[in-house]
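Structure first, commentary second.
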Amino acid sequence: MESRAATRRHFLKGSLAALVPMPALAQGQPRVVVVGGGFAGATCARELKRLMPDARVMLVEANPTFTACPFSNGVITGLRDLRAQQFNYEALGSLGISLVYLSANKIDAQARTVTLSDGTALPYDRLVLAPGVDFRWGSPAGYDEAAAARMPHAWKAGEQTLLLRRQLESMEDGGLVAISAPPNPMRCPTGVYERASLIAFYLKARKPRSKLIILDAKDSFPKQRLFQAAWQQFYPGLLEWVPLSNDGKVVSVEPATNTLVTDFARHAAAVDRRLAELGGLPPAGSGPWPSAPEPTEPIDGLAALGLFAEWIGAAAFVLRDPDLALLARSAEHWRRTTAGQWSYDRPPAGWKEWSRLLDVTLADRLTALQAASGPAEESLRQLEAWSGDDQPAESALLPQIRRRLPGALDAARAAIPDGPGAARVLLRHQVPSAFIPPLAVLLAHQKL
Ligand SMILES: Cc1cc2nc3c(=O)[nH]c(=O)nc-3n(C[C@H](O)[C@H](O)[C@H](O)COP(=O)(O)OP(=O)(O)OC[C@H]3O[C@@H](n4cnc5c(N)ncnc54)[C@H](O)[C@@H]3O)c2cc1C
């Protein structure tokens, strides 16, 4: 440890010498301005003063009290007092460092001045900038300063830390605590998981019927095995980690209802909107199609469930979600058997070879697309709607389909090159049924 520390000191000395070359210092009392009195700036100011006792070192810091982040998770869970996190700059002042409690608003590199929030222009020979990091509001969408007052991030220690603590204390036993973990780079890569562990500790002791969920924009995190082993041992059933690949990424927030919206939920909303724009993809000329949110006719309900089955299949493909894919396969079985008796105008005679039949819904949609004035364009619009993406299908969904379903496309191309023939082959290759009519039309028109 000692030799390591010595090496670091040695490095620091070397780098500071490089920062303030001797010729510049020889011409009178050098002035060094350090902006930011966090760990970086305060340490730098202290070491500069130690190495160059004759220099005038000025520390410009917006707040006279520094509230440290490390250990602040203990404050959230009531293990520490916020005052234990707070420090003043007296010790630096006693070393002869000039303390300026103002914000640095502007830097003029030519004139070598820093303009402070009171308008003073502070001259310098060398400038050190250590303002730390700040928030990029609007990421996730909807997360701004007003939202932070309802949904605290607590990544800046102080009032936010206390707000989160109060919210935990006032939550009922049985409540849900949700943490959104951002993608890298992160200010403190393990901070989210330390916080989760401490909150789980608090919940287990005080509100054992509650649940904690981490929605993560990553598929892995530092010290993951250690954390997960501890969670399994101490908080089974209480703490759930949802990785990126399982729809963990929070894409937007709704502060009014304390809601975090994930990719899947966003996808769901977008697909619904696009399908609604296309008129709900009604099967042309055949039977009723649900237009009201609560269908009154049983057949409408079954048709709605058929659409739902397609919806799951499309979402499973686009989001690459294995759980959804499993669900989609079951929904598709249901659609072609039980529901077939009612909604597809045909008894489920082909029970054993269900995957070979083109049900009436798909056949009708295919017919409607083929009869459209621009069949290929209309098919692309349908694919766009299922992708839930506002990008044109050529740039969003089609390249994915080409890449991920080459065998199915080749087989359909090689088989019978008319619409229904291609559709039957695609169906046999388990292509999501939502995509089948538009793909079959594109294949028949040699657009794919
Ligand atoms: C919950 C949590 C736990 C953490 N735990 C650990 C840990 O255990 N170990 C660890 O090593 N790290 C930990 N970290 C990370 C650590 O807090 C940061 O890496 C560290 O604070 C960065 O130091 P800094 O000096 O660069 O910035 P900061 O600490 O952010 O300091 C920047 C300073 O600059 C000031 N400032 C900014 N702009 C201006 C301006 N224009 N004018 C004047 N002043 C300005 C600010 O007021 C602030 O005082 C944790 C972080 C969090 C959020």
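Any read-out appearing in this document is the output of simple, stated calculations on the displayed coordinates, not a laboratory observation. All figures in this text were calculated on a predicted structure; none of them were measured in a lab. Here Cβ is always computed from backbone atoms with ideal geometry, including for glycine, and neighbour counts include all displayed protein chains.
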Self-check item: Listed residue pairs exceeding 29 Å between alpha carbons, taken from Lys156/Lys204; Lys106/Lys249; Lys156/Lys249; Lys218/Lys447; Lys106/Lys223
Solution: Lys106/Lys249; Lys218/Lys447; Lys106/Lys223
Self-check item: Inter-part distance where segment 50-91 and segment 397-435 are each reduced to a Cα centre, Å
Solution: 63
Exercise. Sort 234-244, 127-137 for me by packing, meaning the mean count of neighbouring Cβ atoms within 10 Å per residue, highest on top.
Key: 234-244, 127-137
Self-check item: Which of Val261, Val250, Val431 has the fewest Cβ neighbours within 10 Å, and the rest in rising order
Solution: Val261, Val431, Val250
Quiz item: Amide H to amide H, which residues 5 or more places from Lys218 or on other chains are under 5 Å from it, using H placed in the peptide plane?
Solution: Leu244
Exercise. Using amide H atoms built 1.01 Å from N in the peptide plane, name the residues 5+ places from Leu122, or on other chains, whose amide H lies under 5 Å from its own.
Key: Val114, Thr115, Leu116
